[in-house]
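Working notes for the structure below.
All of the numbers you see were taken from the coordinates with simple rules; none came from a lab. Note that the structure is predicted; figures quoted are calculated from it, not measured. Here the Cβ positions follow ideal geometry from the backbone for every residue, glycine too, while neighbour counts run over all protein chains shown.
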Amino acid sequence: MDDHPPNLPWYQPIGDEVQVFEAAWAARLPVLLKGPTGCGKTRFIEHMAARVRAAGGGTGVPLVTVSCHEDLTANDLVGRHLLLHDRTVWTDGPLTRAVRSGAICYLDEIVEARRDTTVVLHSLADHRRVLPLEKTGELLQAAPDFLLVVSYNPGYQTLLKDLKPSTRQRFVSLAFDHPPPALEARIVVHESGIDATQADRLTDIAQRLRALQAQGVGDGVSTRALVHAAQLMRQGIAPRRACTVALADALGDDPALAQAARELIDVLL
Ligand code: ADP
C-alpha cells in the first residue's frame, strides 16, 4: 500500500476493510473478523488500533488482546476476587479493564472459549454497552473508547451460534480470506525480505496447495505459513526444504496430503 501511514503496524489492505472498520469505530459498533487462521486478522486489528489512535491525536485507545482457549471462562475475562494477605480484593479481568478504561478489546478465536463467556458479551455488544459484574454487583458502563472486536474461524462457529440473534446482528462482519496472489506476494516480500520473483513462486505454490487441499479438511496453507517459508529462505534454507517444513508438513496430519504436497513442491521448485 503506497499511502500506508507511517509508524503503524504494517497492513496490506485486501478490500475496503480499513474504511469499514473506521466507520464501525466511529459508530462504536462491535466488529467480527472471520476467516481462516493466519490470514491477517490480528495484524489488521493491530494496525487499526494504532490507526484510530493516531487519528485521535496519539493517545488512548490501546489494544487489549485475549487469545481465547478452551479453558477460558467468563471470570477470566471479567475478573475475580483474589486473596491478598488476609482479605479478598476484586481484580478486573482484561475485558473489564478495556471496558473501564476505553480500549479495543480483541477476543481472538472466540469460539475456543467456554460457552458462559457469551453471556457477558450480550449487553456489551448491543446498544446498552454495559458489563454486569455479578460478583461485585457493579453495572459497568463502557467508556466512550471501548470497542469489542472478536475473531473466529467460520469452520468452527458453535459459540457464535449461542449469541442471541439480536446481539449477533449488531456485529459488523468483516470476512478475511487468503489474499489474491499479487497482494499475497507483496505481503511475503514485506514480511520476509525475499525478492519479488521468489515471492511470486511461493504464492503460486500456495495456490496449488490450496487447490490440493480443497477437498480435505482444514484451512489450507495460510499467508502466515508462506511468510514463514520465505523467512527460512531468507535465512539460507533451500526453497524446497523451506516449503516442505513450513508448508507441506504443516498442512495437517494426513500423510497422503503431506506427501502429495511434497511432490508438488519438488516439481515446482
Ligand atoms: P490471523 O490473526 O488471521 O490468524 P495474523 O494476522 O497473525 O493472522 O497473520 C499472520 C501473518 O501473516 C502476519 O504476522 C503477517 O506477517 C502476515 N499477513 C497476513 N495477511 C497480512 C496483511 N493483509 N497485511 C500484512 N501482513 C499480513
Checklist outcome for this item: Descending packing, highest mean Cβ count within 10 Å first, for 223-230, 17-24, 254-261 is 223-230, 17-24, 254-261
Item to check | Charge sum, other residues only, whose C-beta stays under 13 Å from residue 129's C-beta, Lys/Arg counted +1 and Asp/Glu -1 | outcome: +2
Checklist entry - How big is the antiparallel share of DSSP beta bridges in the chain, given as a percent to the nearest 5? => result 35
Checklist entry - For all pairs of alpha-carbon atoms in the chain, what percent lies in each bin of width 10 Å, listed from the first bin to the last filled one? => result 7, 26, 29, 22, 13, 4, 0
Checklist outcome for this item: Given the candidates 197, 212, 246, the one whose Cα lies deepest towards the positive end of the charge dipole of region 181-268, counting +1 at each Lys or Arg C-beta and -1 at each Asp or Glu C-beta, is 197
Checklist outcome for this item: Quick note, region 28-168: a/c under 1.5 would make it rounded; otherwise a/b > b/c is prolate and the rest oblate (a ≥ b ≥ c, C-alpha gyration tensor); here it is oblate
Next on the checklist: I need the peptides 75-81, 93-99 ranked by packing, meaning the mean over residues of other C-beta atoms within 10 angstrom, with the highest value on top.
Outcome noted: 93-99, 75-81
Item to check | Dipole axis of the chain (+1 Lys, Arg; -1 Asp, Glu on Cβ), positive-most option in 231, 139, 47 | outcome: 139
Checklist entry - Between residue 267 and residue 26, 0.36 nm times their residue separation minus their Cα-Cα distance comes to what? => result 81.8 nm
Item to check | residue 234-residue 101 FRET efficiency (beta carbon distance; Förster radius 51 Å; 0.05 resolution) | outcome: 0.85
Item to check | residue 253-residue 126 pseudo-label distance in nm [points 7 Å out on the Cα-to-Cβ vector] | outcome: 4.1
Checklist entry - Based on Cβ point charges of +1 for Lys and Arg and -1 for Asp and Glu, what charge dipole magnitude is obtained for region 181-268 about its Cα centre, in debye rounded to the nearest 20? => result 180
Item to check | Test item: Cα-centred dipole of the chain, Lys/Arg +1 and Asp/Glu -1 on Cβ, debye | outcome: 520
Next on the checklist: When a/c reaches 1.5 or more, the comparison of a/b and b/c decides; with that in mind, is region 165-269 rounded, prolate or oblate per its Cα gyration tensor?
Outcome noted: oblate
Checklist entry - Of the beta bridges DSSP finds with both residues in region 40-178, what % are antiparallel, to the nearest 5? => result 55
Checklist entry - Each label point is 7 Å from the Cα along the Cα-to-Cβ direction; what then is the distance between the points at residue 201 and residue 55, in nm? => result 4.1
Checklist entry - Based on the Cβ-Cβ distance from residue 164 to residue 245, what FRET efficiency comes out when R0 is 51 Å, to the nearest 0.05? => result 0.70
Checklist outcome for this item: Taking the dipole of the chain about the Cα centre (Lys, Arg +1; Asp, Glu -1; charges at Cβ), the one of 36, 78, 267 that reaches farthest to the positive side is 78
